[in-house]
Every structure is written in C-alpha cells, then in structure tokens.
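Working notes for the structure below.
The values are calculated or read from the model by the stated rules, or taken from the named source; none is laboratory data. Note that the structure is a prediction, hence the values are computed from the model and not measured. Using ideal geometry, Cβ is built from the backbone for each residue, glycine included, and neighbour counts are taken over all protein chains shown.
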C-alpha cells in the first residue's frame, strides 16, 4: 500500500491576515528551472530554509517525499463579489465561459491551474484538452497531480478511463467525485470549483 499523504486546503478571505502571528515557512516549487515561492503552501514544521528568502529550500514535491507536510492557505476573495446565497446559486447554475480557459493570462490567475508541469505550462495543456464541463475540469485537475501526470499527452478518452484508478506509488492524486448521494450535484461545483466557476461567469 502506498504512503498516505494528507492534503489540507483551508479557505480564507485574507490568507495573509490568517498567517499573521503563526510561525510558518513558505513552500516552494520548481518553475522553469528556478525555485519559486509556492502561491499558497506553507509549512508549520522546521524545514530547511533559504537564508535570503526565508522560503523552504526544498521544493514541495521533494519535501513531501521527506515527510514534510504542506498546508495550503487559500485566498478565496472572489466570494467578496457574491452578494448573497441567491446570487451564488444563480452563478452556479450559469454555464461558465469555458473559452476563457484558452487564454493563458486567465489560467495563470487560477491557482489550481496555473504553473508548469514537467516544463510544460499548464495553460498549454488546458488549451490542448479544452475542458468544457465541471467533470472535464475535475479530470484535468486530477491529470496534473503527481500520480497521474504520466497520462499527459494521451487521448482524452484514454485519460478518462484511467484517471480515477488508484495508484500504489504514494504519489498525490485525486479520488473520483461521488455520484452516489443526493448531494453529488454540489461536488465539485459548490464544494471545490465554485470559486473557479464564479470567476468565469
């Protein structure tokens, strides 16, 4: 059985305010052969740091393999544009403008989608695969996780067949969204991707 690696995302209207007074080390990632600050990840453990930046000196993928536990503090201030629950429901029932995902500048502003995977900008990948539904987008998000990125470059139908098959390599991946209960329609629309769909509406 592969090693279980927890994934914790915490949503805040203002992540910087939430982190004030908490001793933490910003996580890092490799981007275009440079060590860059992770957009949302932090460590509350004693992890080696770059003495100049104060950031973790180990990219988060390697840090995870060494047993360090990254926590993502997320800024979801897009909700500030939502007037009330009825407005949110209207947004969730409106088909997003999926064509916006063909614009690299838009993709780079979406923290779950922007970045580089094995030297390939995710904006190039999402433009190639062109997700046009919530489930397509969930599949794409799973595709760019470490445990499934080996599927990049394959045909979309083949990816859909394999994307939710569990691996035993200890790499980080996603589970298939549940469709077995009456709340299934709320995932990933409301529970996970609602900030994204709000942004595209």
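Can you tell me which residue among 42, 82, 106 is touching a strand residue (DSSP E or B) at 6+ places or on another chain (Cβ under 9 Å) and either in contact (Cβ under 8 Å) with a residue 24 or more places away in the chain or under 27 Å from residue 138 (Cβ atoms) (or both)?
Residue meeting the stated conditions: 42.
If I ask for residues that are more than 23 Å from residue 64 (Cα to Cα) and in contact (Cβ under 8 Å) with a residue 12 or more places away in the chain, which ones from segment 140-156 would you list?
156 - this is the single residue of segment 140-156 that is more than 23 Å from residue 64 (Cα to Cα) and in contact (Cβ under 8 Å) with a residue 12 or more places away in the chain.
Does residue 131 qualify as being more than 14 Å from the chain's Cα centre (by Cα) and outside the structural domain of residue 32 (by TED's automatic domain parsing)?
Criteria met by residue 131.
For residue 34, state whether it is under 30 Å from residue 128 (Cβ atoms), loosely packed, with under 15 Cβ neighbours inside 10 Å and within 18 Å of the chain's Cα centre (by Cα).
No, not satisfied.
For segment 90-99, which positions are over 18 Å from the mean Cα position of the chain (by Cα) and surrounded by 12 or more Cβ atoms within 10 Å (Cβ to Cβ)?
Scanning segment 90-99 gives 90, 91, 92, 94, 96, 97.
Among the residues in segment 161-174, are any at pLDDT 90 or above and more than 17 Å from the chain's Cα centre (by Cα)?
Yes, because at least one residue in segment 161-174 is at pLDDT 90 or above and more than 17 Å from the chain's Cα centre (by Cα).
In this structure, is residue 16 at negative phi, without any contact (Cβ under 8 Å) to a residue 60 or more places away in the chain and in the same structural domain as residue 149 (by TED's automatic domain parsing)?
Answer is no for this residue.
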